[in-house]
Structures are given as structure tokens and as C-alpha cells.
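All of the numbers you see were taken from the coordinates with simple rules; none came from a lab. Given the structure is predicted, the values throughout are model-derived calculations rather than measurements. All Cβ positions, glycine included, derive from the backbone under ideal geometry; neighbour counts span all protein chains shown.
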Amino acid sequence: MPRTWTWGLAAIALVIALVLPLSLSNFHLFQFSQVYIYAIALLGLNILTGYNGQISLGHGAFYAIGAYTTAIMIDQWSVPYGWTIPVAGVLCLVVGFLFGIPALRLEGLYLALATFALALAVPQILKYFEHWTGGSQGIVLGKPNPPWGLPINPDQWLYFLTLGILVVLLVLAANLLRGRTGRAVVAIRDNAIAAQSMGVNTALYKSLTFGVSAAYTGVAGALSAVTVAYVAPDSFDVFLSITFLVGIVIGGLASISGAIFGALFIQFVPNLAQDISKAAPWAIYGVFLIVFMYAMPRGIVGTVRLALARRLRRRAEPAAAPAGSPR
Amino acid sequence: MDTLIQQVVSGLATGGIYGSLALALVMIYQATEVVNYAQGQMAVFSTYLAWSMLNAGLPYWVAFAATLAIAFVGGLLLERILIRPVENAPVLTIVIVCIGLLVILNSVSGWIYSYIQKPFPSPFSSRPIQVGNIYFGAHDLGALGVTLVLLAALYAFFRFTTLGLAMRAAAQNPVSSRLCGIRVGWMLAVGWGLAAMVGAVGGMMVAPVVFLDPNMMSGILIYAFASATLGGFTSPGGAVLGGLIVGVIENLVGTYVSFIGTELKLTVALALILIVLLVRPSGLFGRATVHRV
Amino acid sequence: MAALLDVRNLEARYGDTRVLRGLSFEVAEGGITTILGANGAGKTTTLRAVCGMVKTAGEITLGGTRIEGRATEDIVRLGVGHVPEVRGTFVQLSVAENLRLGAYARRDLRHLSADMDRVYGYFPVLAERRQQVAGTLSGGEQQMLAVARALMLRPRLLLLDEPSLGLAPLVVREIFRIIRTINREERVSVLLVEQNASLALRLADHAYLMETGTVVMSGPADELRQNDGIRRAYLGY
């Protein structure tokens, strides 16, 4: 898609996002804050899985690390929440990078299994270290007030905060992935051996990508602790990691805007399913998943890209060859 | 020593169930590179159907056989109807479809049968069987026996029948199989049917022990993953053996290591997965994937 | 002689690239036809198109039946045996199992063991190795296995994609001798795609020359062998 189009659409989306608080209730603002938070997490996972081809079923773990870092810093050491967010990000960057090193030996299915096992272990580990994490009860935080005496309510403040961080991280990701780094990352996904023989330090890139991906998701986790004002082990179970995977596939692998569509899906479709059927809401959700995958196997953004590419190709095609040829 | 033997046999019995589910997972993975996350839920749903039949008064083994038949047809139809439209899509897309199936089956099971645990009968007596000084649970031995008979039948099918040969060929090399006139799509469907059948047997053997509820298989699915990882996702025999080993390890650790209660038992399975993946990702019997440059 | 295989105006593409453009040729019933051409001319794609392995436009008629657009396994069941460039043996299965699979599509299994014996007769080295895993065979042996498997089908039409590729000359001569025998004794029509023009022209009755997806020259094999242009470009003298 031409760059001007992309920037144009992004600008329109941003304007809509900025205007939304005027017409939404506090609860809806909270829901949209969640969407932005999920989008950051999905961006993180997409960098790793979509662009770099390393499948992770365990990103809920980094979300949890980010959330608990914030919660513990606020609860035990009264650190202002603003500082906890970059700390969570850096911590997850390091943890992700370190995890990326043994992960170098694992491919496809095996990496998925390892991250799956990790995701399963997270609630148990959180409950085990009760002294820090508050065990099954979790940690309760207070909702922050808008800074500098701004004339908006806490929910509106959190809305703009999450939106702002999302925009910054989106632009950062777009720049990272557009240049040489991005090409190297994708090259590793498509043909690691060829990339390596062309001088790309695959080991370093793969571990770094893991780190950056974890950092994004950790920041999202930190923000969720701040907005929800509560963390508990059972909210970070394996289903969260699977939800993230659903989000990036639905939104579109290897796409930045896909993170937003995916986030909208995972935030609102479960509610929609509940409205449709009180008795078996998850069955409806499952139907949504399957129907979506039939209609758009490459996700929302992937399908749009394909459709646009086809139209462009048809316009560029010369007239068909004349019928008949010498026998 | 007697306790040890008892625990080993008990572990083998549960291991047989893990191995069955692991086998079902590996069968589908070998043919499609997709892990069917809904395998456990399909087994649960089949077990619920068996429960309905038993509730309606059918004799056990009649209900058992009927459930196997329904599971086979169900698995086959699921592949043809649900998976076929996306069979050429990226792997993750198919995974999401399987997750959708998982969620649907779980939710529908809960809706029809409620989330209250139900007892499920065992066809084997509740009196222990005595061999020398050791007492074995009749259900343990019976479940192990059923599992082994099932696996032997499957092995014979794949090894000695033409259809089995064609299915193996279709899983290994779909392109060449088509050039032999094999309808690869239908081979896949039969594979799903057989996997569903294997899962149903596992479900019916484990339900008497853990009681029937929609989430019955979630824990077991994790053990099945551990089994398949240990044995090797590319080796059906390895998956079964892996299951037996995992079952025995789980039981022995639970018995002899005091601080591992029921919660941490799961951690044992997870630790096993991680250790195997770190040391030898392809498992005991799997082949390491060789990438042709 | 009537044409067993009749291809008209075949078009095929991989993604955006047109590989076959307006391709037309015939395989006479009971004859050996060869398609020559350099790398990238589209020869392999032609065979794959006949077998329904690529999307095509145009007409393909086999013994009076239109087969374009049909699934590969259905075309095979009509009696088309394809020995692909990559040989495609089932490397984890034994030689005997490979051969058994070759006969999978047959309705009539009465003469199955007689057929296996006959195929072992053509390729004695396979008989020696019948329980061996196919992946452990040498390149030449795997090529023989691939041809043998196709023969187990009792095909009307045998498609061979560059059978000489990567094989020692002695082995190649042997395989070509067997192809001639099969054609004469069992009346199997053959469509042979080859880069090795001199071998192919000595074996075939009729020849086509392909360049960038279409036929540029055709005629009886003997004529093409004498043709100066072909001699210089493809026969090397």
C-alpha cells in the first residue's frame, strides 16, 4: 500500500481516537484503554511471531511480569506508576533476550511447546512466591489521578495515556521494521540459513527480537496493572497467551496495523458472544473464530493486502495473448 | 518393593491413557504439521455421548463400541467439513480453527450436560486383583489392557493393510501419493477419524478415575503433550512409550517425593517438557528435522 | 496413428509469471514423444500441467476425455503414470511398499504379484533390495524405483521428467533401453522430457522443441537430429 495512503488512514484513525472520549462513558473508555493495551501486547507478539517466525504461546508470561513489576513497585516501594512502566519494559527486554538464547535451538512446534509449558507454569509460580506477589489474593492498587491538575477524570486520563504510549510504540515498531533491521528479521523468518550465509547474525537478531517483543508485551502488562488497578495470578493463565495468538492471527501476521484490529477483536467479540448467548457464549466465540478464519485466512490486514495486490496486478496486466499458435 | 511395583503398574495404566491421547496428537501432526488442540475436547465429548448411552440403559460394551464408531465418523466429518476449507492456509490459521473447535466443544458440553462432575462407570470390577503379595486395581489393569489392544490393532492396520500403507504414504509425501492415485484429502479425514477414536477410548478409560466434566481432559492434554515431546512428535510408537514413561514418572514422583502434592504434579510434566526440549528437542525416538538448503 | 494425448493452447502460470503460453502438442498412441529445451523452457511445468498439478487454461485431452482442471489423483486413475524430476520415492518406506503403492489406483488387482515380478525382471537390482528402505538406495536405483512404481499402475501414458538427470551414463542407457522395451512390448505411450537431446532423439519417434513456454519446432525425431540449428544448440556439434 502506498505510504501516503498508510499515513492518511493512520491520521484519520488517530483523530477518531482523540475525539472518542467526548462521546463515551467511563466504562467504554476503560474498554478502549484495554484495546490499546492489548494492541501493544499484540504488537510485541507479532514482531516475534509474524515478522521473525518464532512462534510463542507464552507471551502471557511477559504480560504477567510487566504487570507484577508495576504492582510490586507501587505496592511495596510506593514508586510512582509512571516510572514502573519503563522499568517493566527494560526488565522484560532482558528476560526476553535471555529466554531467546535457549530458544535458538528450538523450531516451530518445539518452541511453541516450550513457551506453552512456560505459560502454564506462570500462575503456579506467581502463587508460590506469595511474599512478593500476594499469592492467590493478588495485589490491589489505587487508580491514578490525572497529573498536573488536568480537567479530566481518571478514566479519560488513562485512555489518553494508553493511547499515547501505543502511538509512540507503533511508530517505533514501524521504523524498526522498515529498515535494515526489519529486513534482517524477516529474512531470518523466511530462510534462516540463507540469511546467515549473507552475513546476518541470526543468533543475535533472534534473541534481540525476543527481547524487544517481550519488552512491548511487558509494557502492556504494566499498563494493564495501572488501568485495572489489580493483579491476580489467575488472570495470567495460558488462556491469555492463546488469546494473544488469536489476536495476531485475526489481525494479520507481520502487520503493524493488524495489532489494532486484533485487539478490537479480542476485547469486544467475547462480550458480543455473551450478548448473543448467555448459555454457551464461548461456543459463539468459537464460531466467530472459525468463520473469521474461513473468510480471512491471512487475518484482516493480510486479506486486505491480498485483495489490493490482486487489483493492482489486474490493472498492470497487458491484454491476453492472441488465441492460437503455430503447431 | 511391592509398593514400587504397584505404583509402576498404576503409572503404566495412566500412562497408557496419556500415550493414547499423545498418539492421537502425533497422528494428526505427522500428516498435517498441525497440533490439534481440540483433541482432548473431542475425547470428552465422545465420553459424554457414551455417558448418555449408558444412562439410557445400553450395556457397557455396546455403548463403548457405538462411541468408537461415532467418534470415528465424527472425526472424519470434522476434518472434511471444518478443516478442509483452510487446509492450504498458513499453519497458525488452522491452529486457530482448532482452538475454535476446542472452545465450541467445551462450551456445548457444559451447556448440554452441565459443569457438575458426573461419575462414569468402569467395566472392570472394583475389587483389587491379587498377584502374590501385591494388589492391583482391576481398572488399572483393564485400562492398560484395553489401551494395548487398541494400539496393537492400530499398528497392525498401518503395517499390514493397503489402506494403512496409503495413509502412511499420504502423511509422508502427499505429492507422490497423489501420483499414485491416492486421495490424500480422504486419507487425512480417515486419520482424524482414527485419532478421534483413540481419544474416545482414552476418555472412557480415564473418566471413571477423574470423573466426567467438560474440563476433564485439560490436565491430561498437558501430560499428553509431555508424552509426545518425550517420545518424539514424529514417532507414533515413541508417543505411546513416552506416555507410559510419563505416567510412571508422575506416579513415582507423587508417591516418593513428599512435597509434590497434586498441584505441583503438573509442574513435573512441565519441567519434563522443558528439559526434553533443552536437551533433545526431537524426543527419544523422533527424527531431528533436517533442513535441505 | 491417433493421438492419445492432445494438448491445445495450454497456459500456465506460477503466481504472476506466465510459464506456458499457447502450448500445443500431441503424443501418438503407442509412440514415444519427446519434448526438448533448455532450462526454464517450461518442460517440467508441461508434465505437471498434464497431471493437474498446476492451474491451467486451455485443453488437455486424454484418449478422447478432457482432463484439464481435474485433480491429480483422478488423472492418475485414468492411466497416467508420472515419474517426476525429483523422483518422489517414499523414502521411509521399503522398495516393495513403494511398488505396492504404485498399483494403488488400479481397479484390477488380479495380476498384482505377476506385475511385481515383471517389474523386478526389468530392474533386478530392485529385486535384490525389495525389503530395503527406499531412502538408502542410490540415485540411479531410486530413479529405477520411480519408473518401476509408475509401471505398476499399468499406465496408458508414461510421463518421464528428465530421467537422465544426475545419473551415470551407463545407468541412463539402461533406463532408456527399458523404456524402449516397455513401449514396444506393453504398448505404453511415452512422453519424455529431456535436456539430454541426443539420447532423447535416438529414443523417440516424434520430437518438439520448447522455448520460453511454447513450441518453436516439431517433427519426426530423425529430422530434428539432422537439423543444423538443433545440432549446434542442443547436440553440441
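Please give the Cα centre distance for the range A:158-177 versus the range B:28-51, rounded to the nearest Å.
Between the Cα centres of the range A:158-177 and the range B:28-51 lies a distance of 40 Å.
What is the pair-distance distribution P(r) of the range A:146-200, computed from all Cα-Cα distances in 10 Å bins starting at 0, with each bin given as a whole percent?
For the range A:146-200, the binned pair fractions read 22, 27, 19, 16, 12, 5 percent.
Under a plain spin-label model, where a point goes 7 Å from the Cα along Cα-to-Cβ, how far apart in nm are A:Q124 and C:S198?
Using points 7 Å along Cα→Cβ, the separation is 7.1 nm.
Evaluate the charge dipole of the range B:2-279 about its Cα centre and quote only its size in Debye, nearest 20, assuming +1 on the Cβ of each Lys and Arg and -1 on the Cβ of each Asp and Glu.
My answer is approximately 560 debye.
Need the list of lysines near A:K127 for cross-linking: C-alpha distance under 17 angstrom, and skip anything on the same chain fewer than eight residues off.
B:K265
Grab the beta carbon distance between A:R310 and B:V149, set R0 = 45 Å, and tell me the FRET efficiency rounded to 0.05.
0.25
In square nanometres and to one decimal, what's the mean projected area of the convex hull around the Cα atoms of the range A:1-57?
Result: a mean projected hull area of 5.3 nm².
Count the DSSP beta bridges whose two residues both fall in the range C:103-237, then state the antiparallel fraction as a percent rounded to the nearest 5.
Around 55 percent of the beta bridges assigned by DSSP in the range C:103-237 are antiparallel ones.
Quick one: dipole size for the protein assembly as shown, taken about the Cα centre, charges +1 on Lys/Arg Cβ and -1 on Asp/Glu Cβ, in debye to the nearest 20.
Dipole of the protein assembly as shown, to the nearest 20 debye: 1720 debye.
If you take every DSSP beta bridge fully contained in the protein assembly as shown, what fraction is antiparallel? Give it as a percent rounded to 5.
Roughly 60 percent of the beta bridges in the protein assembly as shown run antiparallel, per DSSP.
If you average the alpha carbon positions of the range A:250-277 and of the range A:1-28, how far apart do those two centres end up, in angstrom?
Measuring centre to centre over Cα atoms gives 17 Å.
What is the spin-label model distance, in nm, from C:N39 to A:H131 if the labels are put 7 Å beyond Cα along the C-beta direction?
Each label point is offset 7 Å from its Cα along the Cβ direction, giving 6.8 nm.
Listing B:M205, B:M53, B:M167 from the residue with the fewest other Cβ atoms within 10 Å to the one with the most, what is the order?
By the 10 Å Cβ count, ascending, the order reads B:M53, B:M167, B:M205.
By what distance, in whole Å, do the Cα atoms of the protein assembly as shown stretch along each of the three principal axes, largest value first?
That gives 94, 82, 48 Å along the principal axes, largest extent first.
Give me the Kirkwood hydrodynamic radius of the range C:89-154, using the inverse of the mean 1/r over all pairs of distinct Cα atoms, in Å to one decimal.
Taking the inverse mean of 1/r over all distinct Cα pairs, the range C:89-154 comes out at 11.4 Å.
Can you check what the Kirkwood hydrodynamic radius comes to for the range B:200-289, Cα pairs only, in Å to one decimal?
Evaluated on the range B:200-289, it is 13.7 Å.
Based on the Cβ-Cβ distance of B:V131 and B:R159, what FRET efficiency does E = 1/(1 + (r/R0)^6) give at R0 = 30 Å, to the nearest 0.05?
According to the calculation, E is roughly 0.40.
Which value in deg cm²/dmol, rounded to the nearest 500, describes the helix-derived mean residue ellipticity at 222 nm for chain C, given -39,500 (n - 2.57) per DSSP H run of n ≥ 4 and division by the residue count?
Rounded to the nearest 500, the figure is -10000 deg cm²/dmol.
What angle do you read, to the nearest 10 degrees and between 0 and 90, between the alpha-carbon axis of helix A:154-178 and the longest principal axis of chain A?
The angle comes out at about 40 degrees.
Please give the helix B:2-32 orientation as an angle from the longest Cα principal axis of chain B, in degrees from 0 to 90, rounded to the nearest 10.
Tilt relative to chain B: about 10 degrees.
Between helix A:3-19 and chain A, what is the angle of the helix's C-alpha long axis to the longest principal axis, kept within 0 to 90° and rounded to the nearest 10?
Approximately 30 degrees, to the nearest 10.
Tell me, what is the Rg over Rh of chain A, with Rh the Kirkwood radius over Cα pairs?
Rg/Rh: 1.02.
Counting each DSSP H run of 4 or more residues in chain A as -39500 (n - 2.57), what helix-only mean residue ellipticity at 222 nm follows after dividing by all residues, to the nearest 500 deg cm²/dmol?
One gets -24500 deg cm²/dmol as the mean residue ellipticity at 222 nm.
Taking each pair of distinct Cα atoms in the range B:144-293 once, what is the resulting Kirkwood hydrodynamic radius in Å?
17.3
Restricting everything to alpha-carbon atoms, can you work out Rg to Rh for the range B:98-229 with a Kirkwood hydrodynamic radius?
1.06
With the contact rule set at Cα under 8 Å and sequence spacing of 6 or more, what percent relative contact order holds for the range C:89-154?
57
In deg cm²/dmol and to the nearest 500, what is the mean residue ellipticity at 222 nm of chain B if only DSSP H runs of at least 4 residues count, each as -39500 (n - 2.57), divided by the residue total?
Theoretical 222 nm ellipticity from helices: -25000 deg cm²/dmol.
Rounded to two decimals, what ratio of Rg to Rh does chain B give with C-alpha atoms and a Kirkwood Rh?
My calculation of the ratio gives 0.97.
Cα centroids of the range C:84-161 and the range A:63-95: how far apart, whole angstrom?
When both Cα centres are located, 65 Å separates them.
Give the value in nm², to one decimal: projected area of the alpha carbon convex hull of chain C, averaged over all directions.
So the mean shadow area of the Cα hull is 12.5 nm².
Only counting other Cβ atoms within 10 Å, I'd like A:K206, A:K278 sorted with the fewest neighbours first.
Listed from fewest to most nearby Cβ atoms, that is A:K278, A:K206.
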